[in-house]
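Q: Here it is, the structure, as structure tokens.
Each reported figure results from applying straightforward, stated rules to the coordinates on display, with no laboratory input. Given the structure is predicted, the values throughout are model-derived calculations rather than measurements. Positions of Cβ are backbone-derived with ideal geometry, glycine not excepted, and every protein chain shown enters the neighbour counts.
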Amino acid sequence: MGANVGIGFALREAARAVVKLMPVAGNLVSAAVAFAGTLAIGEAAIAYFIDGATIEQARERMRATRKQAEKDGAEQTAEHLGASDD
């Protein structure tokens, strides 16, 4: 689980760096990255501590959750910026 915390920290730091480069869009990107990382870590913790999953199962749940949340966040960001592919 320590690796999950490290990944979450790295994602937040990357998001902060993006904000500095893009004042308006950066806030949306930062929020999406922070959301994805936080949700993924939470899901991994639930899998491991509550559902009794192995550490590998919890890691896989974290990866899958993060991937889906990042995809959803990218779509939401595109919609808010008017760059949707619709």
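Q: Please go through region 1-71 and write out the chymotrypsin sites (Phe, Trp or Tyr not before Pro) that DSSP classes as loop and that have at most 10 other C-beta atoms within 10 Å.
A: Filter output for region 1-71: empty list.
Q: Then there's this: Would you mind checking the tilt of helix 55-81 against the longest principal axis of the Cα atoms of the chain, expressed as 0 to 90 degrees and rounded to 10?
A: Once rounded, one gets 10 degrees.
Q: Mind putting a number on the dipole of region 16-75 about its Cα centre? Charges go on the C-beta only, +1 for Lys and Arg and -1 for Asp and Glu, and I need it in Debye to the nearest 20.
A: 260 debye
Q: Kindly put Leu28, Leu21, Leu81 in sequence by how many other C-beta atoms sit within 10 Å of each C-beta, fewest to most. Walk me through the numbers on the way to the answer.
A: Details: Leu28 20, Leu21 9, Leu81 12.
By the 10 Å Cβ count, ascending, the order reads Leu21, Leu81, Leu28.
Q: Which of rounded, prolate or oblate describes the chain when judged by the alpha-carbon gyration tensor and an a/c cut-off of 1.5?
A: Because a/c hits 1.5 or more and a/b fails to exceed b/c, the chain counts as oblate.
Q: Expected output is a single nm value to one decimal: the length gained when fully extending between Asn27 and Glu79, i.e. 0.36 nm times separation in residues minus the C-alpha distance. What is it?
A: In short, 17.3 nm is gained.
Q: Tell me which of Ala40, Val24, Thr77 sits at the most positive position along the dipole axis of region 2-80, charges placed on C-beta atoms (Lys, Arg +1; Asp, Glu -1).
A: Farthest towards the positive end: Val24.
Q: For helix 25-45, what angle does its Cα long axis make with the longest principal axis of the chain, in degrees from 0 to 90 and rounded to 10?
A: 10 degrees
Q: While we're looking at this one, here's another question. Using amide H atoms built in the peptide plane, which far-off residues or other-chain residues are under 5 Å from Ala53 H to H?
A: Those lying under 5 Å, H to H, from Ala53 are Tyr48.
Q: Now for a separate question. Roughly what angle does helix 2-21 make with the longest principal axis of the chain, taking Cα atoms, 0 to 90 degrees, to the nearest 10?
A: 0 degrees
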